[in-house]
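Shown next, in structure tokens, is the structure this report addresses.
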Amino acid sequence: MPKEMKKIIAETYMELVRERDVDKITVKSLIDACHISRQTFYYHFQDIMDVLEWSARQSVQKLVEQSLQAEDIRSALHIFISFTVENYPTLHKLMESQKRGRIEKILLDAASAYLRELIRYRCPDLSVNFAELDVVLRFSACGLVGVLLHYGGKPRLDQERLTQQLGRILSGRLEGLE
């Protein structure tokens with residue numbers, strides 16, 4: 001039951017994000033919408049940002065699971081891009097809030113975790129030291145999040161083309177740039 005209650009609280013929070021100004025969502029408004037006590041909320045979460053971080057981790061876990069089923073890295077990237085495009089209005093609202101700094105960190109950590117799992121699964125023989133891998137992952141996550149936030153809300157975004165472009169960049173196969 002506790003895991004289910006966490007999910008209910010998180011889903012209700014995301015519904016509120018879609019409906020209102022992010023900065024006006026309080027623990028009180030969330031517990032009222034969930035029809036739970038303050039004690040129940042604090043049993044599951046520390047604060048509103050904890051709800052958002054938990055939701056992000058759950059989403060990344062689902063994306064990783066779906067991506068690992070994909071036949072290649074481009075198909076895996078396409079899953080991530082499609083998720084971003086579908087959720088762009090919510091992401092945009094979150095990024096426009098006063099919590100932008102914390103939300104950027106959540107997005108970057110989520111993208112890094114996503115890329116780390118893809119590399120672990122798709123490139124098990126990759127030989128690189130941990131410090132270098134960490135820098136490459138952070139660099140790639142920053143670029144990926146920046147590109148997705150920039151292009152994710154474009155009305156006529158060609159997702160397939162963006163998938164191909166990001167696939168070439170992330171795989172280090174940039175052609176025609178010389």
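The values are calculated or read from the model by the stated rules, or taken from the named source; none is laboratory data. Model, not experiment: these values are computed from the prediction. Cβ placement follows ideal geometry from the backbone for every residue including glycine, while neighbour counts extend to all protein chains displayed. Ligands, DNA and RNA are stripped out before the accessible areas are found, and what is left, the full protein with its side chains, is counted by its heavy atoms. Shrake-Rupley method; radii C 1.70, N 1.55, O 1.52, S 1.80 Å.
Taking the range 84-120 as the range and being open to solvent by 30 Å² or more (accessible area, probe 1.4 Å) and not in a helix (DSSP H, G or I) as the test, the residues that pass are N87, E96, Q98, K99. Considering the range 148-174, the residues that are in contact with a Lys or Arg (Cβ under 7 Å, 6 or more places away or on another chain) and modelled with pLDDT under 90 include one that is surrounded by the most Cβ atoms within 10 Å (Cβ to Cβ), namely G167. Quick check, is V51 β-branched (V, I, T), at pLDDT 90 or above and surrounded by 15 or more Cβ atoms within 10 Å (Cβ to Cβ)? For V51, the condition - β-branched (V, I, T), at pLDDT 90 or above and surrounded by 15 or more Cβ atoms within 10 Å (Cβ to Cβ) - is met. A single member of I81, I73 is buried (at least 19 other Cβ atoms within 10 Å of the Cβ) and touching a helix residue (DSSP H, G or I) at 6+ places or on another chain (Cβ under 8 Å), and it is I81.
Of the residues making up the range 91-113, not a single one is polar (S, T, N, Q) and free of Cβ contacts under 8 Å to residues at least 12 places away in the same chain. Do we have any residue at all in the range 156-163 that's over 16 Å from T84 (Cα atoms) and touching a residue at least 12 places away in the same chain (Cβ under 8 Å)? Within the range 156-163, none of the residues are over 16 Å from T84 (Cα atoms) and touching a residue at least 12 places away in the same chain (Cβ under 8 Å). Residues that are open to solvent by 90 Å² or more (accessible area, probe 1.4 Å), within 20 Å of A70 (Cα to Cα), not in a helix (DSSP H, G or I) and not acidic (D, E) within the range 121-141 comprise P124, L126, listed in sequence order.
Yes/no matrix, rows are residues, columns are (1) among the polar types (S, T, N, Q); (2) modelled with pLDDT of 90 or more; (3) touching a Lys or Arg at 6+ places or on another chain (Cβ under 7 Å):
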{"residue": "S67", "(1), (2), (3)": "yes, no, no"}
{"residue": "S82", "(1), (2), (3)": "yes, yes, no"}
{"residue": "I103", "(1), (2), (3)": "no, no, no"}
{"residue": "C142", "(1), (2), (3)": "no, yes, no"}
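Going through (1) over 19 Å from V85 (Cα atoms); (2) in contact (Cβ under 8 Å) with a residue 40 or more places away in the chain; (3) small (G, A, S) one by one, G172 falls short only on (2). Only helices (runs of 4 or more DSSP H) whose full extent lies in the range 1-80 are considered here, and the ones with at least 3 residues that are among the small types (G, A, S) are 48-69.
Of (1) without any contact (Cβ under 8 Å) to a residue 24 or more places away in the chain; (2) open to solvent by 20 Å² or more (accessible area, probe 1.4 Å), I25 satisfies all except one. Which? For I25, the exception is condition (2).
For beta carbons closer than 6 Å, sequence separation of 6+ or different chains, a first residue in the range 1-22 that is in contact (Cβ under 8 Å) with a residue 12 or more places away in the chain and a second that is polar (S, T, N, Q) and in a helix (DSSP H, G or I), the qualifying pairs are A10/S55; V17/T90; R18/T90.
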